[in-house]
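For reference, the structure discussed in these notes is given below.
The values are calculated or read from the model by the stated rules, or taken from the named source; none is laboratory data. The shown structure was predicted, so the numbers you read here are calculated from the model rather than taken from an experiment. Glycine also receives a Cβ, built like all others from the backbone with ideal geometry; neighbour counts cover every protein chain displayed. Keep in mind that these areas ignore ligands, DNA and RNA; they rest on the heavy atoms of the full protein, side chains included. Shrake-Rupley method; radii C 1.70, N 1.55, O 1.52, S 1.80 Å.
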Amino acid sequence: MGTIGNALQDLRAERGLSATEAAAGAGTTVSTYLKIERDWREVSFIMMVRLCRFYNLDIYEFIDRIDSYELERPDLSVIRVLEKRNKS
């Protein structure tokens, strides 16, 4: 267990997929997929649904793969918006 990115890395490895294949299955670019996998980018709800469909998982099965603290942490996109406002 770990972060959303860790769960995606594990799923991709379990299925023997490349990042290119996973990105195509999720309907995104390799760059975006890898940023999500590395926890550099938040995953949107729509992207999460696409990923669950691609990996043939119920959303609850995916949630079981991540630590509870991951669901309790602040949304990074909100934090980044606030940081940008404070710099202005």
Once the other residues with Cβ under 15 Å from the Cβ of Asp10 are scored (Lys, Arg +1; Asp, Glu -1), what is the net sum?
-3
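For every helix of n ≥ 4 consecutive DSSP H residues, a contribution of -39,500 (n - 2.57) applies; sum these over the chain, divide by its total residues, and give [θ] at 222 nm rounded to the nearest 500 deg cm²/dmol. Could the numbers behind the result be given before it?
Working: 7 runs with 59 residues, N = 88.
Calculated from helices alone, the mean residue ellipticity at 222 nm is -18500 deg cm²/dmol.
Under a 1.4 Å probe, what is the accessible area of the chain per residue, stated in Å²? Display every interim value, and only then the final one.
On the way: 5870 Å² over 88 residues.
Per-residue value: 67 Å².
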Once you compute Rg and the Kirkwood Rh from C-alpha atoms, what is the Rg to Rh ratio for the chain?
1.00
Accessible surface of the chain, 1.4 Å probe, proportion on carbon and sulfur as whole %
53 percent
